[in-house]
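FYI, it's all coordinate maths here, none of it is from the lab. The shown structure was predicted, so the numbers you read here are calculated from the model rather than taken from an experiment. Every residue, glycine among them, receives a Cβ derived from its backbone with ideal geometry; neighbour counts consider all protein chains shown.
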Amino acid sequence: MSSSLVVKCPSCKRAVSWTAEQQFKPFCSERCRLIDLGEWVMEEKRIAGESLLSEDDNDDNVFFQ
Ligand SMILES: [Zn+2]
């Protein structure tokens, strides 16, 4: 009975064995994990910047009432 599960690395789509030794799962390597993390952080920064702008607008409206 085989208990080894294989997943695809989200960055490079390579097959990755889902084992205890595979510390970067679901990624195949630290490099792929960092690539994916970097994209995530960039996306989050962009969203945070947009919400910061709309908060400034609300503050101005309250201030001038
Ligand atoms: Zn990979």
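Some points to look at:
- 5 angstrom amide H check on VAL16, placed H, neighbours 5+ away: VAL7, LYS8, CYS9
- Charge tally in the Cβ shell below 14 Å around ASP36, where Lys, Arg are +1 and Asp, Glu are -1, ASP36 excluded: +2
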